[in-house]
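Let me begin by presenting the structure, written as structure tokens, before commenting on it.
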Amino acid sequence: MKTDNLHTGNCRIAVYPGTFDPITNGHIDIIRRAAPIFQKVYVTIAVNSAKQPLFSLEERLDLVRRSIEGIPGVEVSAFSGLVVDHARQVGATVIIRGLRAISDFEYEFQIALMNRKQYHLVDTVFLMPDERYTYLSSSLVKEIARHGGKVECFVPEFVETAMREKFSKETRE
Ligand code: ADP
């Protein structure tokens with residue numbers, strides 16, 4: 001049985017792990033909801049994601065850093081290996097994940113239980129974004145941007161610019 005829990009006040013540090021390739025308004029919505037709940041939230045970028053990212057780690061760090069400007073108690077970090085090891089390193093006992101739809105649930109449920117098996121002090125907290133973002137994913141946004149579609153209501157302006165630059169470089173190559 002875990003001894004540190006929300007009631008002892010020892011789990012006020014949270015990590016919000018993901019690929020963030022790139023960060024979208026859906027991610028930012030989750031970060032804004034998490035920030036007042038925890039003392040500190042680390043938005044932590046997976047270095048060795050199974051996904052082949054469009055943006056390098058440095059680019060993703062920069063886009064996240066710019067997106068969290070002005071949100072108190074939020075920092076960006078990166079991790080390779082297990083997210084629970086990173087949580088342990090930064091003293092976090094909460095993993096935040098966003099739930100958009102029931103379809104996210106099964107995978108997230110499995111990962112949450114697996115993470116708790118790896119590190120018994122860690123619990124996963126699921127946050128639901130505003131309905132406007134429930135159909136939004138980084139991969140969908142990239143697909144639209146790649147074909148020249150409008151993405152301004154899905155990502156901050158600097159993310160849109162970064163995607164446009166990536167894709168125009170792609171077509172030049
Ligand atoms: P991962 O590859 O780990 O799923 P993502 O960057 O795609 O990384 O997502 C990170 C987290 O943010 C996940 O918990 C995901 O469900 C959540 N998320 C992604 N898009 C949204 C969105 N539009 N609204 C709410 N949560 C989201």
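The values are calculated or read from the model by the stated rules, or taken from the named source; none is laboratory data. Quick caveat, the model's predicted, so the values are computed rather than measured. Cβ placement follows ideal geometry from the backbone for every residue including glycine, while neighbour counts extend to all protein chains displayed.
Considering (1) surrounded by fewer than 18 Cβ atoms within 10 Å (Cβ to Cβ); (2) under 13 Å from the mean Cα position of the chain (by Cα); (3) more than 20 Å from Ile13 (Cβ to Cβ), the lone condition that Phe126 does not fulfil carries the number (3).
Among the residues here, Phe79 does not qualify as surrounded by 15 or more Cβ atoms within 10 Å (Cβ to Cβ) and modelled with pLDDT of 95 or more. Can you tell me which residue in segment 26-52 is surrounded by the most Cβ atoms within 10 Å (Cβ to Cβ), limited to those that are at pLDDT 95 or above and in contact with a Ser or Thr (Cβ under 9 Å, 6 or more places away or on another chain)? So the residue we want is Val43.
When restricted to residues that are touching a helix residue (DSSP H, G or I) at 6+ places or on another chain (Cβ under 9 Å), without any contact (Cβ under 8 Å) to a residue 60 or more places away in the chain and within 16 Å of Gln52 (Cβ to Cβ), segment 130-159 contains 1.
Taking each residue of segment 23-34 that is farther than 10 Å from Ile96 by Cβ and looking for partners that are near the ligand (Cβ under 8 Å from one of its atoms) and polar (S, T, N, Q) with beta-carbon atoms closer than 7 Å, six or more apart or interchain, yields Thr24/Ser138. Only one of the numbered conditions (1) within 18 Å of the chain's Cα centre (by Cα); (2) crowded, with 16+ Cβ neighbours inside 10 Å is violated by Gln110, and that is (2). Checked against (1) part of a helix (DSSP H, G or I); (2) away from the ligand (no atom under 16 Å from the Cβ); (3) farther than 13 Å from Thr44 by Cβ; (4) not β-branched (Val, Ile, Thr), Leu140 passes all but a single condition, namely (2).
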